[in-house]
Amino acid sequence: MPKIVLAGNWKMYKTQVESLEFLKAFIPLLADTPEQRCVILCVPFTNLQLLSQTLHGSIVQLGAQNVHWENNGAYTGEISAPMLTEIGVRYVIVGHSERRQYFGETDETVNLRLRSAQAAGLTPIFCVGETKQQRDKGEIETIISQQLQKGLIGIDQSNLIIAYEPIWAIGTGETCAASEANRVIGLIRNSLSNPHVPIQYGGSVKPENIDELMSQPHIDGVLVGGASLQPESFARIVNFNC
Ligand code: PEP
């Protein structure tokens, strides 16, 4: 597994034309990016085929934003892991808080999706994190350990990325302090059977805070929403200074 993973989550943004415009500006900005940095773009399903062709041979890897647990079946609106691998997708976000909040994902369905991703050879980016209310009530350790315990049943920790994404920091501009993100990620690492699983921080990462986040010993990368939509800001994040 790569040790440093910088992933963009485009959520439900960008048409195919807009994706190509992004790449035209973004790829040249990666000319000096160190090879050991794994750069991933997790894009809407409709852009995957096009980006698979366009990114071929570049340092940017392709990721999806969700995957179903069956290979096929009567699951209107869902996409399976073999459908993703067939077109060159290598990574997939699973258990994002927006999926849990708006689309009824539970720790159990997240676990099923993680399993199907791995069974097809995809590397899942497994998201965990607490709400503001849970943090204020001092429940952060309990919540995250429950998400990890249930999510990781039957999961191969040698083909896994974890993203710690405090929900109150996602899309709010309110970043978790780098030292606190580092503390929680350290706790996550201690609970894993494989201490080498890359663990990212996610939540309002931007050019202004990336260097401090990446200077923390436990933080192996970032999962970036809003700031991954602009080529210059995502390139600055990928090209963080260490
Ligand atoms: C995300 O979508 O996973 C995310 C962290 O979003 P943002 O960077 O916009 O907070």
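The values are calculated or read from the model by the stated rules, or taken from the named source; none is laboratory data. Nothing here was measured: the structure is a model prediction, and the numbers come from that model. For neighbour counting, all protein chains shown are included, and Cβ atoms are generated from backbone atoms with ideal geometry for every residue, glycine included. Protein only, heavy atoms only, side chains kept; ligands, DNA and RNA dropped before computing areas. Shrake-Rupley method; radii C 1.70, N 1.55, O 1.52, S 1.80 Å.
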> Restricting to the range 54-64, what's the tally of residues that are open to solvent by less than 40 Å² (accessible area, probe 1.4 Å) and either at pLDDT 95 or above or hydrophobic (A, V, I, L, M, F, W, C) (or both)?
Replying inline: 5
> Consider P217 against the criteria (1) surrounded by fewer than 17 Cβ atoms within 10 Å (Cβ to Cβ); (2) without any contact (Cβ under 8 Å) to a residue 12 or more places away in the chain; (3) away from the ligand (no atom under 15 Å from the Cβ): it satisfies all of them except one. Which criterion is unmet?
Replying inline: (2)
>> Looking only at the range 87-100, how many residues end up being open to solvent by 10 Å² or more (accessible area, probe 1.4 Å) and away from the ligand (no atom under 16 Å from the Cβ)?
In response: 3
> Identify, please: which residue in the range 188-208 is within 14 Å of the ligand (Cβ to nearest atom) and charged (D, E, K, R) and is, among those, nearest to I155 (Cα to Cα)?
Replying inline: K206
>> Every residue in the range 2-53 that is open to solvent by 20 Å² or more (accessible area, probe 1.4 Å), aliphatic (A, V, I, L, M) and under 25 Å from D220 (Cα atoms), please.
In response: I4, I27, L29, A31
> Which condition number does L84 fail, the rest of (1) open to solvent by 10 Å² or more (accessible area, probe 1.4 Å); (2) over 19 Å from L187 (Cα atoms) being met?
Replying inline: (1)
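Condition first: in a loop (DSSP other than H, G, I, E, B), open to solvent by 10 Å² or more (accessible area, probe 1.4 Å) and either away from the ligand (no atom under 15 Å from the Cβ) or not hydroxyl-bearing (S, T, Y) (or both). Now tell me which residues in the range 166-183 satisfy that. Steps first, answer last, please.
Taking the range 166-183 first, the residues in a loop (DSSP other than H, G, I, E, B) are 166, 170-177.
Still in the running and open to solvent by 10 Å² or more (accessible area, probe 1.4 Å): 170-175, 177.
Those that are in a loop (DSSP other than H, G, I, E, B), open to solvent by 10 Å² or more (accessible area, probe 1.4 Å) and either away from the ligand (no atom under 15 Å from the Cβ) or not hydroxyl-bearing (S, T, Y) (or both): I170, G171, G173, E174, A177.
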> Among the residues of the range 105-155, which ones are open to solvent by 30 Å² or more (accessible area, probe 1.4 Å) and outside any helix (DSSP H, G or I)?
Replying inline: T106, A120, G121, T131, K137, G138, E139, I153, G154
> Any chance the range 26-42 includes a residue that's part of a helix (DSSP H, G or I) and either within 16 Å of the ligand (Cβ to nearest atom) or touching a helix residue (DSSP H, G or I) at 6+ places or on another chain (Cβ under 6 Å) (or both)?
Replying inline: yes
>> Go through the range 142-184 and report how many residues are under 19 Å from K132 (Cβ atoms) and touching a Phe, Trp or Tyr at 6+ places or on another chain (Cβ under 6 Å).
In response: 3
>> I want to confirm something. Restricting to the range 192-213 and keeping residues that are buried (at least 18 other Cβ atoms within 10 Å of the Cβ) and in contact with an Asp or Glu (Cβ under 9 Å, 6 or more places away or on another chain), which single residue is farthest from A181 (Cα to Cα)?
In response: V197
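Only one residue in A163, A235 is open to solvent by less than 60 Å² (accessible area, probe 1.4 Å) and either under 22 Å from M12 (Cβ atoms) or not in a helix (DSSP H, G or I) (or both). Which one? Step through it out loud before you land on a result.
Details: A235 fails: either under 22 Å from M12 (Cβ atoms) or not in a helix (DSSP H, G or I) (or both).
Just a single option satisfies the conditions, and that option is A163.
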